[in-house]
Amino acid sequence: MRKIIIFTMLIALLLMPLAACQPTATEAPPEVEEPAPAEEEAAPPEVEEPAPAEEEAAPPEVEEPAPAEEEEAALEPIRLGVLAPLSGAFAWIGEENVMGVEIALEELNYEIAGRPVELIIEDTQIDPDVAIEKARALVNRDDVHFIVGPLSGSTSLAVKEASFEWPDVTVLPGGAANDITMREIAPNVYRNSFAGGQPLYALAQWALDNGYESIATIGEDYSFPWDQIGGFAYVYCGLGGRISKAYWTPIGTTDYSSIITDLDPDEIDAVLVAYGGTDAVNFVNQFVDFGLSEEIDFLAGSSFGDAGVLAEVGEHMDGTVGGSIYSSTLEHQEFKDFDAAFRAMDDRPSTLFAENFYRAVKWIALATEEVDGNIEDVDAWREVLQNTEFMAPAGHVEFDEYHNPIQDTYLNRVEFVDGEWINVVFETIPAVGQYWTFDPDEFDAALPFGRDNPSCP
C-alpha cells in the first residue's frame, strides 16, 4: 500500500511542469488578425511617373565663372586722375586742360576697350607741394591707374620726382621743364607736351635771320620759362645773337612798370616773352600803355602766343612771330574735328593746353585698346604706349626713347582772320625732338638752364 502511494506521488510530480505550460481557463490566446484579401490591401502611395524628356523643365544654365583676374579686368573701371591749375594765374589754362580731357572722353563715350572710365580732377594751385599731395591722394585714395598732368613745369617736375612712390601708376604730365624727360628718366612718366625749348629752337634761327641781333627776355621765375628761354638762348647765343637783359618775375605779378621802363628801344630789337595766363595779358596791356608796342617787337614763347592770350589781347600783338607745337590754321582733319569740339564748348579757337591733355587721353586709349583693356599688366602696357604713334590735333606724335614727344613745330604769325586774332602758320619744322640737332650728352652737360644760364650779354 505504501508503495502505491509513493508511486502515485511521483506521477503527480512529473505531470506538474506540463500543467504549467498549458493556458489557463481564463486566458484567451491573442487573436491573430487575418490578412485582408490581396485586392483589399491598402494601395501603396502613387509615384508620379517622370515626364517625358522633352517635357522636363530645363535646369537653369550656370555660367562658368571667369578666372578672377579676367573677371575683375572686365568689370573694374579705368580710373583716370587729372591734375590741373584750377585757381590762380593759370586757372583758365587749367580749365582748358580739363576741356581737352573731356573732349577725348566724350569721343570715347567714357569707355576704353569695354571698360568704363571714371574721371577724378584735382586742383594743383600751381604749387609743387600741393601737386604732390594731390597726386598721392589720387593714387592712395582713388586708386587711379593713370594721371594726366600737372600742367606747369615746376609742379610736373615735382610729381615726376615723387613718381617712384607709385611705380604702377603711369603719369602723363603737361609741364615743359626739361628734366621731366632729360638727364634722369622715370619709367612711369611720359610727357604729353614738349620740352621747354623744343618749339623755340627754330624761332631763334628765324630771329637772327630776320635782323633781331639783340633782344631782351622776360618770363616767370620758375623751371618752364627758364627752360623755354634757355632753349632759345642755346641756339641764339650759339649763332652770335646777344641777350642784353633777362627779367624774371613771380607768377601772378600785376605790376610790370619797372621792367617796361627799363627796356631801351635803342638797345634791343625785340623782347622774347615767356609769360602765360593772366601774366601775359597784364604784361601786354601795360606794355601798350607805356607806348612801347610801336618801338619794340614781341617774340612769342609757346604760352605767350597761344590762342587763349590772343583772345584777350590779340589786337596788341598783330604781326608777332612765335614758336609753338600748335596753331590755328592746321589743315588735317584731326585738328579740324578737335577745334570744332573745343569751339562748341567755349566759342573760341582751341589751344595747345587743351590739345596736350586731349592727346594724353588718346594715347592712353590707343595703348589700352591694343592690349584689349589689360592695363593691369603694366610693363606690357607701357611697352605698347612707348611704341604708339598717331595723328593728334597738333600733328603726328610719337615718343622718343626718353618719353618725350617727337612732333612738328610751327612758326606762327598773329593775324586777324574772320573776326578772330589767331596764329597763322608760315613755316613747319617736321619731327622735332627735344634735343633737335644737338648731341644729347652735350646738351645735358649745359643743363640745368636757369636765371643766368645760358648767358650772352
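Readers should treat all values here as calculations from the given coordinates under stated rules, not as data from a laboratory. Here the structure is a predicted model, which means the values were calculated and not measured. No Cβ is skipped: glycine too gets one built from the backbone with ideal geometry, and neighbour counts run over all protein chains shown.
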Whole-Å distance, taken between Cα centres, linking segment 105-137 and segment 244-271: 37
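Using mean Cβ contacts within 10 Å as the protection proxy, how do 363-376, 428-441, 270-283 order, highest first? Please list the in-between numbers first.
Values: 363-376: 18.9, 428-441: 15.6, 270-283: 24.5.
Output ranking for 363-376, 428-441, 270-283: 270-283, 363-376, 428-441.
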Around ALA202: net Lys/Arg minus Asp/Glu count, Cβ-Cβ under 12 Å: -3
Alpha carbon centroid spacing (whole Å) that separates segment 403-420 from segment 279-330: 13
DSSP beta bridges in segment 63-222 [antiparallel fraction, %, rounded to 5]: 10
Rounded if a/c under 1.5, otherwise prolate or oblate - segment 301-457, Cα gyration tensor axes: oblate
Bins of 5 Å, starting at 0 and running to the largest distance - Cα pair percent for segment 382-457: 3, 12, 15, 16, 15, 17, 12, 7, 3, 0
Centroid-to-centroid separation of segment 147-224 and segment 332-351 [C-alpha atoms, Å]: 25
